[in-house]
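A short write-up of the structure that comes next.
Taken together, the values in this text are just the output of simple stated rules run on the coordinates, not laboratory data. Given the structure is predicted, the values throughout are model-derived calculations rather than measurements. Don't worry about glycine lacking a Cβ; one is built from the backbone with ideal geometry, like all the others, and counts go over all protein chains shown.
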Amino acid sequence: MTDTPTQLFIGGAWLDAADGATMPVDDPATGEILCHIADAGPKDARLAEEAAVQAQEEWARTAPRARSEILRRAYEIILDRTDELAHLMTAEMGKPLSEARGEVAYAAEFFRWFSEEAVRIDGGAGILPDGRNRMLLSRRPVGPCLLITPWNFPLAMGTRKIGPAIAAGCTMILKPAPQTPLSSLALAAILKEAGLPDGVLNVVTTSRAGEVCEPLLRGGRMRKLSFTGSTAVGRLLLAQSAEAVVRTSMELGGNAPFIVFEDADLDKAVDGAMLAKMRNMGEACTAANRFFVHHSVAEEFGRRLAERMGGLVVGPGTRDGVDVGPLIDRTGRGKVEALVADAVERGARVLVGGRTPEGPGCFYPPTVLTDVSPESRLMDTEIFGPVAAILTFDDEDEVVRRANDTPWGLVGYVFTEGLDRALRISERLEVGMVGLNTGLVSNPAAPFGGVKQSGLGREGGRVGIDEFLEYQYLAVPVG
Ligand code: NAP
């Protein structure tokens, strides 16, 4: 902790907030304050904006190979410092160290991936159909970007945006979540060390998100917003972006169905459920939120899942052998408690868990609910906690209809041993991603994102860089 930056990173310099404000960062495992960091206000936002705008032209002209090599160096530094970064992430976010190490590798991979994409930005040339004009097509950076990230993957949600922005030649302001700013500040220090020019990345940590971001979006000098967070906030930011017609990429909430057919391999289904539900203590947009299990295997699936969930060790993420850390804060835990209470009131049976432990920290036990009523609030609310809610179904049409009966469409999981059925059901699900007999879809080489109210655009994969590029077409008469 002692070497971790705690100031704003603007124009390549570490600065206090202009009004001297600071804010605490808490350890969710103990409730204690880890440290205080700079708390930016509108003045600091203007300074960051100026830095990003000033740096844009030169950065856009920087050779793609040079941009690529900065990302590659940063990738290597991150991997070298895996342990240090994992400890920092666990301290501010709570996830067990093993998961934090996994996130460091995942986060670093976005830099490696986009270091490879930076040198593959292509254009085109040709004669137009009328034969009178040539077309020269080039791809240019969209311009200064505002990147807003959530707390659940403190490092990876940043690198998934910063990687393609650097590769494309965009400058940026990153506003991380106030619960987990330290990973982003450490990342800024690494990028500086890797040779990123001053002003290309600016990090403003703040407890005053609206005051800092709204003028940036409405002002029109930021040309792009890339946001990851809840659908409610996404909607608000879309409205703010409309004024200056700012381009947007939105990675929003989910309400993933997890469907287990009668011909599923139940070992695979339970393994998949553990991943899809328990990665990040259930605090993931990809978390399975509604388990639809064919009535003929529901009891067996519930029994096996409850056994595995009940065997998980809950405790501070830094302790050896811990599988499940604390939830992010008391508000997050309170929401999970209320959703479980509501489901139980409507007739759900608790197979395991369901009771908040005494003591400090925001712990909540792995919980399996069965006989969940479709009217329960957790059916149309992201649980964002370690609670698996099981409902039963009878046939394909019914389960597809119920799975799609939600405004969200990020990811779905399908477990069946039948190839035809696997493809048929996957194609009928209104989602951006499907895990077929697997509980994990995230990969830097794949396009991540959702349909409906789960978002706009994709991050990662070959298309991830497109979000940060514009086409320019030159018409040149054929001489
Ligand atoms: P959130 O409340 O929407 O916050 C996300 C970020 O937006 C935070 O940095 C937050 O800062 C900021 N923010 C909130 N109001 C703002 C405003 N008026 N102007 C500018 N920024 C504002 O979401 P969260 O609770 O941190 O994260 C959980 C949500 O993220 C879940 O819905 C989850 O599904 C979603 N998520 C989606 C993906 C994906 O790829 N689709 C990935 C991870 C998470 P403050 O906290 O200071 O307001």
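Key figures for this structure:
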read-out: Semi-axes of the equivalent ellipsoid for the chain, Cα gyration tensor, largest first, Å; value: 39, 29, 19
read-out: Base-10 log of normalised Debye intensity for segment 243-335 (one unit scatterer per alpha-carbon) at q = 0.12, 0.19, 0.20 Å⁻¹; value: -0.50, -0.98, -1.05
read-out: Alpha-carbon centroids, segment 20-35 and segment 144-219: separation in whole Å; value: 20
read-out: Packing-based order for 349-360, 147-158, 16-27, using average beta carbon neighbours within 10 Å, highest first; value: 147-158, 16-27, 349-360
read-out: 0 to 90° range, to nearest 10: angle between helix 82-93 axis and the chain longest Cα axis; value: 70
read-out: Hits among aspartates and glutamates - C-alpha to C-alpha of residue 95 under 18 Å, sequence gap 8 or more where chains match; value: 26, 27, 32, 83, 84, 103, 283, 320, 323, 329
read-out: FRET efficiency for residue 134 and residue 53, using Cβ-Cβ distance with R0 set to 30 Å, rounded to 0.05; value: 0.35
read-out: Histogram of C-alpha separations across segment 353-479, 5 Å bin width, %; value: 2, 8, 12, 17, 16, 14, 10, 7, 5, 3, 2, 2, 1, 1, 0, 0, 0
read-out: Estimated 222 nm signal from helices in the chain, with DSSP H stretches of n ≥ 4 weighted -39500 (n - 2.57), rounded to 500; value: -12000 deg cm²/dmol
read-out: Which listed pairs, of 43/452; 277/335; 175/277, have C-alpha distances above 25 Å, in listed order; value: 43/452; 175/277
read-out: Top positive-direction residue, dipole computed over segment 339-451 with Cβ charges, set 353, 436, 412; value: 353
read-out: DSSP bridge pairs, the chain: antiparallel proportion in percent, nearest 5; value: 45
read-out: Helix 64-80 vs. the chain, principal-axis angle (Cα, 0 to 90°, nearest 10); value: 40
read-out: Across 161/268; 161/192; 192/224, pairs whose alpha-carbon gap is larger than 26 Å; value: 161/268
read-out: Sorted by Cβ neighbour density within 10 Å, fewest at the top, the residues 260, 476, 104; value: 476, 104, 260
read-out: Segment 256-443, Rg to Rh (Cα coordinates; Rh as Kirkwood inverse mean 1/r); value: 0.95
read-out: 0 to 90° range, to nearest 10: angle between helix 330-345 axis and the chain longest Cα axis; value: 40
